Structures are given as C-alpha cells and as structure tokens.
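Take a look at the structure set out below.
The values are calculated or read from the model by the stated rules, or taken from the named source; none is laboratory data. For clarity, every value in this text was computed on a predicted model and none was experimentally measured. Because the Cβ atoms are built from the backbone with ideal geometry, glycine has one as well, and the counts that use them run over all protein chains shown.
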Amino acid sequence: MQKTKRNMLLGLGAAGVAAFALRPKDKGGAHNGYFKSLSAGLEDASVAQPSLLIDKARLHKNIDTLKKHINGRFHFRVVAKSLPSVDLLREVMVRANTERLMLFHQPFANQVVKAFPDSDVLFGKPMPVAAARNFYQQLEGDFQPAQQMQWLIDSPERLEQYQALAEYLGQPMRINIEIDVGLHRGGVNSEADLLDMLKAIKASPLLSFSGLMGYEPHVVKLPGDAFSHRDKAMAEYQKYLDVAVNFFGEKDPSWTLNAAGSPTYQLYDEGEFPHNELAAGSCLVKPTDFDLPSLADHQAASFIATPVIKALPSTELPGVAALGKLMAWWNPNRERSFFTYGGYWKAHAESPKGLSPNPVFGRSTNQEMLNGSRSVELQADDWVFLRPTQSEFVFLQFGDIAVLENGKVSERWPVFQQQAV
C-alpha cells in the first residue's frame, strides 16, 4: 500500500514537472538596431500616428531579386493591387524596367492609366460589364484602351456582355481569356467553351483576342511536390493554348500569355513553359502571408508603426482581478500590458519581440492591448512595429506611405483613392 502511494506521489510529481516544463518561455526583448533606427527616423519626422512604412532599400533589393530570377526569360507584369500607390508603382516600374500592369479595381484603373499613359494594362479578374462602362466614361488623359487595355473574360456569357458594350460604345476591345489550370476559381474549363469564345471574338469587328491568363497559386499550397503540381497546371495551360493556336493557325508573338504570382514565380527559373509573362507584386514588399519557402530570398520591406499610448507594469483584466495574474504566472509574455494608438489591423507584431493581443481582453481598433514580458521595456510614446499580413487592403488604411531611406523619412507616397476622381 505504501509502495503504491509512493508511486502515485512520484507520478504526480513527475506530471507536475512535465506540466511546468510546458510553460511558455520569455520571448520578449528590446528593438534591435534596425527598428531603433526606424524609431529615430519617425521621431525626427515628427510622426505621431499609426503609419505604413516602406523601406526603400529593401524594396529595391526585392525588385533586383525578382529580376535575377526572371533573367529576361519572361515579361514582368506588376500586380498593382499589391502596391496601391502611384509613386510606389512608379518606383517598381522604373527599377524593373516594365510598363506592364495588372489591375483589379475600376476606380484604381482610371487613376493608374491617367498617371501612366504609356502602360500596358491587363485586368487580373473579370469585371462586371458595368465597371467596364464606367472605366470608359471616366477615362482621362492619353491612354488608348483600344491598344493598351486587355479585359479578362471568364465565360461565354461575359463575352456576350462585353461584345454588346463594345458595340454600344463603338469601342474596340482586346480580350484576354481566363483559363482554369487547377485553381478552380472560375475561368474557362472546357476546350469547347474556349473554341466558341474564340469564334465569337473573330467574328466581331470590335473584339480581338489578346491572350490567356492561367493563375496557379495552389501549386505551392497543395501537399506534395510543388514542381509536380506546377507541371500539371502547365499541361492544362498548354492544352488551352493549343486550342487557340490551332484556331488562328499560328501562335502570335504579341499574345499576352500570363501566369504565376508572387508565391510561384520562382518555379519558372528553368525549363520551357507555355506562358511568356509572369506577374507579381506582394513579394516586393513581402507581408507575412508571403513568408513562404519559395520567397525565402525576399525581405520584409513594409511595416506598420504605431505609438504606445500606455505602458502598464502588469496585466489586469476587468471583472476577474486574479485572471491577469494567473495568465502572467503561467506565461511570462503576459506580464505587462501596452495599449497602442489604433490596432486590430491585418498584421502581426514584429518588434519588440514577444508581443501579442490578449485573448480575454479582446481586440480594439482604438486602443489595442498587447501583452509582453518584463523583458519588453517599452514606455509611452515608444513605437511598436507590425508586419501586415497582406498589402492590397492594409496599405490603404494609413494615408500617405512613409518612405524610409538610411533611417530617415525621405518621401511620402499617396495611396490610391477609393473613389474615382
């Protein structure tokens, strides 16, 4: 009996030791030299509100990395939704030496073609025909859509709508056809439908066929070998391209045969493929959703900076006074509380390390509570830096982008306006 009792006590003791070993470790710390430099730059520029930052040197390095991979094998089209600022687009287009843009939102398209009248534009998703009509009605400047715009069409029914609009406006339109190469997010998925659409385009005096788009981000997200998934997607692409080549009797070198995106563009460094153009944008600023093995040589170039409003020595939660102490006892990264200017963005805390929202207190767009350990020595008016999870929506929430060079705010880049002007 005594032996059994002793074994039980030993077992309980071992379980307690094992449970204690599962306690989270202290992940906190101070800003490193890079973020100390960013903090000083913001203070020198008298920034005192949540701001979206772009590190220009890192942006340039990411552009150079992309160019090195593409190495002249494909044309490069900039995905504008991921870089929603005319000045940011200009910076990328000049350094990447491209006039090709992919757009996804009609009001932004009107702003972009006014700013870049020499650009070649491909819509990255099929637009409601009413949006296409609005584009023509709001068009300003020297951009010539009959030669410079490609509308993405995903079905025979939408093609009929665009043909009717072209006839109503007396407007020639270039038609790029979306094909389903395995993502299954719409697009033409039968050779018969593609052939019918090509016949309709050829029969129309106002429509012309400008190419195909086959988007395949799934190939790096599916279990298994990404290159094998890529090859299956490209076999589908080739199948539809063969239909077009057989119908027209040749492969026109002017066709835009678009594929890829930030997650997949590096899969085409070697080999022969049916497409002649790659699109990317997010990898140039690298939000956290793009922390992928296929983008390991790109750097984070965009951050949210927000001031600390309140720095508290402990974590106290309303209603249950002991809960904050219990959470801090178990997890040292809950010991202190910091309330930031704004919050609840699509973003993750980056610096100082070890900060996270409190799951009990909840989230706030006004004053976000972030917990950290006593190793985090933030005070009121210090800066917290976060990395956006994506760029296309998050970049639009902070007004002008603050551009940093050599630790200083060197420029302000306005973002796209949500409404057409």
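Observations, loosely collected:
- Filtered residues of region 69-89 (kept if closer than 25 Å to PHE398 by Cβ and touching a strand residue (DSSP E or B) at 6+ places or on another chain (Cβ under 9 Å)): VAL78, VAL79, ALA80, LYS81, SER82, SER85, VAL86, ASP87, LEU88, LEU89
- Which listed residue, of VAL376, VAL360, is part of a loop (DSSP other than H, G, I, E, B), in the same structural domain as LYS310 (by TED's automatic domain parsing) and buried (at least 21 other Cβ atoms within 10 Å of the Cβ): VAL376
- Restricting attention to region 384-408, the residues that are surrounded by fewer than 20 Cβ atoms within 10 Å (Cβ to Cβ) and among the aliphatic types (A, V, I, L, M) total 1.
- For region 267-283, the set of residues classified as part of a helix (DSSP H, G or I), in contact with a Lys or Arg (Cβ under 8 Å, 6 or more places away or on another chain) and surrounded by 24 or more Cβ atoms within 10 Å (Cβ to Cβ) consists of LEU267 only.
- Checking each residue in region 202-232 for being of a type in the set (A, V, I, L, M), under 17 Å from LEU292 (Cβ atoms) and surrounded by 14 or more Cβ atoms within 10 Å (Cβ to Cβ) picks out VAL219, VAL220, ALA226.
- Qualifying residue in region 115-128 (condition: surrounded by fewer than 20 Cβ atoms within 10 Å (Cβ to Cβ), under 30 Å from GLU411 (Cβ atoms), modelled with pLDDT of 95 or more and touching a helix residue (DSSP H, G or I) at 6+ places or on another chain (Cβ under 6 Å)): yes
- Scanning region 141-171 for residues that are farther than 15 Å from PRO128 by Cα and either among the hydroxyl-bearing types (Ser, Thr, Tyr) or touching a strand residue (DSSP E or B) at 6+ places or on another chain (Cβ under 7 Å) (or both) yields GLN148, MET149, TYR168.
- Residue ID - modelled with the lowest pLDDT, chosen from residues in region 284-334 that are assigned to a loop (DSSP other than H, G, I, E, B) and surrounded by 20 or more Cβ atoms within 10 Å (Cβ to Cβ): THR315
- Scanning region 45-61 for residues that are assigned to a helix (DSSP H, G or I) and either more than 13 Å from ASN406 (Cβ to Cβ) or β-branched (Val, Ile, Thr) (or both) returns LEU59, LYS61.
- Of all the listed residues (ASN134, ASN110), the sole one being part of a helix (DSSP H, G or I), on the phi < 0 side of the Ramachandran plot and touching a Leu at 6+ places or on another chain (Cβ under 8 Å) is ASN110.
- Some residue of region 80-97 being in a helix (DSSP H, G or I), among the acidic types (Asp, Glu) and either more than 19 Å from PRO414 (Cβ to Cβ) or outside the structural domain of LEU122 (by TED's automatic domain parsing) (or both): no
- Selection within region 42-75 - farther than 25 Å from THR365 by Cβ, surrounded by 21 or more Cβ atoms within 10 Å (Cβ to Cβ) and not aliphatic (A, V, I, L, M): ASP55, ASN62
- VAL384 vs. criteria aliphatic (A, V, I, L, M), touching a strand residue (DSSP E or B) at 6+ places or on another chain (Cβ under 9 Å), outside any strand (DSSP E or B) and at pLDDT 95 or above: no
- Of the residues SER51, SER82, the single one that is small (Gly, Ala, Ser) and under 17 Å from the mean Cα position of the chain (by Cα) is SER82.
- Filtering region 119-133 for residues that are among the charged types (D, E, K, R) and closer than 20 Å to HIS298 by Cα leaves an empty set.
- Selection count, region 335-357, where residues are at pLDDT 95 or above and part of a loop (DSSP other than H, G, I, E, B): 8
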